[in-house]
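The values are calculated or read from the model by the stated rules, or taken from the named source; none is laboratory data. Note that the structure is a prediction, hence the values are computed from the model and not measured. So basically every Cβ, Gly included, is an ideal-geometry build from the backbone, and we count neighbours across all protein chains shown. Note: accessible area is taken over every heavy atom of the protein model, side chains too, but ligands, DNA and RNA are not part of it. Shrake-Rupley method; radii C 1.70, N 1.55, O 1.52, S 1.80 Å.
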Amino acid sequence: MERPAWAPRSIDISVPSVSRIYDFYLGGSHNFEVDREAARRAMEFMPGLPKIMQANRAFMRRAVCFAAGEGIDQFLDIGSGIPTFGNVHEVAARSRPGARVVYVDHDPVAVAHSEAVLAGNDDADVVAGDLLKPAEILASAQVERLIDLNRPVALLLVAILHFVEDEDDPYAAVAELSDALAPGSLLVLTHASYENIPLPAERAGGAVDVYKDIRNPLIMRSREHIARFFEGYDMVEPGLVPMPRWRPEGEPEEEDPYAFSGFAGVGRTA
């Protein structure tokens, strides 16, 4: 397999990547055949996976606009993935010029592309970091330069927590990040779940098994368990709901049934 110029030398391009699979679902071009093969295998069980990812991105954009409308001009996006059209810094800048954004990802491809996209942008930067090491993220030079933790921040954990197994205690990681935020900060979160998927759970489980096979287990939590990530937050209306139902711009009933898979919500610190 020939290595394209945009692929960092440090990555193994024969191994599927969650970030590149996500990029494929969204119609991006920064993925390899091994990623496309894994995505197509998962779609054999859940053909609506691209619709779920599109709904996820649409929610993210609405939530960023909401945060900017609430006066927040600082965004910390952990698990940001490969840059695509309508990224957080673009949405935030349109709503609130001068907004500052720090992206965080552990995928070298995602980091490399973020660096390329953000070159020359003084209001946005990227950190090679791990959600499970919050202290390192918060102490990074990029966060120290762009994020004032004494003022409200929008913390984005969009489509990342379902890749963290219970044994790694994602609740502790979120709590540590939350403890560092000033009052009035927002937690923006989406999470996969078997609830609302328009398929029998055992068939949807076939797609989950594909992620397990590529050593990126997809943890499908219940709404109750997802709500635990918001402990210490006051939920913004309409609460923890399927993605198309969170402050929709159009009629949710017109959305593809797959778009309602999983949950999205925004919480505010007291």
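Please state which of the following conditions Ser178 fails to meet, knowing it meets all the rest: (1) touching a residue at least 60 places away in the same chain (Cβ under 8 Å); (2) closer than 30 Å to Ile13 by Cα; (3) outside any loop (DSSP other than H, G, I, E, B); (4) open to solvent by 10 Å² or more (accessible area, probe 1.4 Å).
Among (1) touching a residue at least 60 places away in the same chain (Cβ under 8 Å); (2) closer than 30 Å to Ile13 by Cα; (3) outside any loop (DSSP other than H, G, I, E, B); (4) open to solvent by 10 Å² or more (accessible area, probe 1.4 Å), the lone unmet condition for Ser178 is (2).
Pick out the one residue from Pro134, Pro108, Pro198 that is open to solvent by less than 10 Å² (accessible area, probe 1.4 Å) and in contact (Cβ under 8 Å) with a residue 12 or more places away in the chain.
Pro134
Among the residues of region 242-270, write down those that are open to solvent by 50 Å² or more (accessible area, probe 1.4 Å) and assigned to a helix (DSSP H, G or I).
Those that are open to solvent by 50 Å² or more (accessible area, probe 1.4 Å) and assigned to a helix (DSSP H, G or I): Arg245, Glu253, Glu254, Pro257.
Kindly establish whether Ile52 is modelled with pLDDT of 95 or more, closer than 20 Å to Ala192 by Cα and crowded, with 24+ Cβ neighbours inside 10 Å.
It is false that Ile52 is modelled with pLDDT of 95 or more, closer than 20 Å to Ala192 by Cα and crowded, with 24+ Cβ neighbours inside 10 Å.
If you scan region 162-181, which residues turn out to be among the hydroxyl-bearing types (Ser, Thr, Tyr) and either closer than 15 Å to Asn216 by Cβ or in contact with a Gly (Cβ under 8 Å, 6 or more places away or on another chain) (or both)?
The one that is among the hydroxyl-bearing types (Ser, Thr, Tyr) and either closer than 15 Å to Asn216 by Cβ or in contact with a Gly (Cβ under 8 Å, 6 or more places away or on another chain) (or both): Ser178.
Can you confirm whether Gly27 is open to solvent by 30 Å² or more (accessible area, probe 1.4 Å) and at positive phi?
Answer is yes for this residue.
Name, by its number, the condition in (1) in a helix (DSSP H, G or I); (2) crowded, with 18+ Cβ neighbours inside 10 Å that does not hold for Gly81.
The one condition Gly81 does not meet is (1).
If you check Gly206, Gly239, which single one turns out to be small (Gly, Ala, Ser), in contact (Cβ under 8 Å) with a residue 12 or more places away in the chain and either open to solvent by 40 Å² or more (accessible area, probe 1.4 Å) or assigned to a loop (DSSP other than H, G, I, E, B) (or both)? Break it down stepwise before answering.
On the way: Gly206 fails: either open to solvent by 40 Å² or more (accessible area, probe 1.4 Å) or assigned to a loop (DSSP other than H, G, I, E, B) (or both).
Going through Gly206, Gly239 in turn, the sole match is Gly239.
Would you say Ala119 is among the small types (Gly, Ala, Ser), on the phi < 0 side of the Ramachandran plot and open to solvent by 30 Å² or more (accessible area, probe 1.4 Å)?
Criteria met by Ala119.
Name the residue, out of Glu70, Glu44, that is closer than 30 Å to Ala139 by Cβ and at pLDDT 95 or above.
None of the other options fit; the residue is Glu70.
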